[in-house]
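These notes are about the structure you will find just below.
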Amino acid sequence: MTQDNQLVAAVSAAMADSGAESRRLLQSIVDTAKAIFGAQASSIFLLEEDSGELVFEAVAGQGEEWLVGRRFPSDRGIAGWVASTGEAMVVDDLSTSTSFARDIAESTRYVPRSLMAVPLSYDDQVLGVLEVLDASPQARSGIAELELLGLFANQAGVALRIVSRTRAARSALAGGGEDFSELIGLVQALQGLDGDRRQSGFRLIDSLRDVLSPMPL
C-alpha cells in the first residue's frame with residue numbers, strides 16, 4: 001500500500017463509526033441489567049474529563065426516550081461520587097442520602113427511591129458509571145448481585161473505551177482545517193463504494209499523487 005493510501009486508510013479507519021457497535025453493546029447492557037435486576041431503569045454515563053461532565057450514553061426504562069446525550073457536572077450526585085472515587089455505592093433509601101442530588105434527578109423527570117452504582121474502568125482508569133435504579137429489594141443487597149453488576153461493568157468499560165477513543169479521533173480530525181475536512185469527505189465517499197469501485201477510487205488518488213508530486217531535477 002502506498003504512503004498516500006496508508007494515510008487515507010488511517011483517516012477512513014478513524015472516521016468509521018466504530019462507536020456505533022459499542023453504543024449498541026452499551027444499550028444491550030442496560031437493557032439486560034434492567035431486566036435481570038427487576039429495575040425501573042438502568043443507565044450508563046461517560047466521564048468527560050475535559051468538560052468535567054458525565055454524559056448519558058445509554059438508558060433503559062425511565063427516561064430512555066430523552067436522556068441519552070444529557071449532561072451534568074461530574075462533581076454532583078452519586079454518579080459523580082462513584083466516578084471520582086472509583087468505588088461502588090448501594091443506597092436502599094435515597095431520601096436519607098446526603099450524596100444524592102435530587103435536583104439532578106428531578107431534571108431527568110424520574111426520581112428513584114433506591115440506587116446501585118458501579119464505576120466503569122479500563123486499565124485502572126474510570127471512564128464512567130453504571131447505575132441501576134429501583135431494583136427489586138432482593139437484588140439490592142446480595143453479594144452475588146453486586147458481583148453480577150460488576151461483570152456488566154467490565155463489559156461496559158471496554159465499550160466506553162472505544163466510544164471515547166472514537167470521539168477523540170473525530171475531534172482531532174475536525175480540528176484539521178478545511179482542507180482536511182475535504183479529505184475526510186472524500187474518504188467517506190470512498191467508504192460508500194463497492195469493492196471494485198473503491199479500488200478504482202484508490203487508484204485515482206494514487207494517480208493524483210503522481211500528478212502533484214514534484215518533478216525530479
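Computed from the coordinates by the stated procedures, all read-outs in this text should not be read as laboratory data. Source: prediction; values computed, not measured. Please note: Cβ atoms are built from the backbone with ideal geometry, for glycine as well, and neighbour counts cover all protein chains shown.
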Expected unfolding gain across Ser51-Asp194 under the 0.36 nm per residue rule, minus the alpha-carbon gap, is 47.5 nm
Least to most buried among Ile104, Ile29, Ile44, by other C-beta atoms within 10 Å and fewest first, runs Ile104, Ile29, Ile44
Mean Cβ-within-10 Å packing, highest first, puts peptides 123-130, 83-90, 50-57 in the order 123-130, 50-57, 83-90
Expressed in nanometres to one decimal, the distance between label points 7 Å along Cα→Cβ at Thr98 and Asp124 is 3.1
At R0 = 35 Å the Cβ-Cβ FRET efficiency linking Glu106 and Thr32, nearest 0.05, sits at 0.80
Simple spin-label estimate for Leu204/Asp75, 7 Å along Cα→Cβ, in nm, reads 5.3
Whole-number value, in Å³ per residue, for the convex hull of the alpha carbons of the range 19-164 is 96
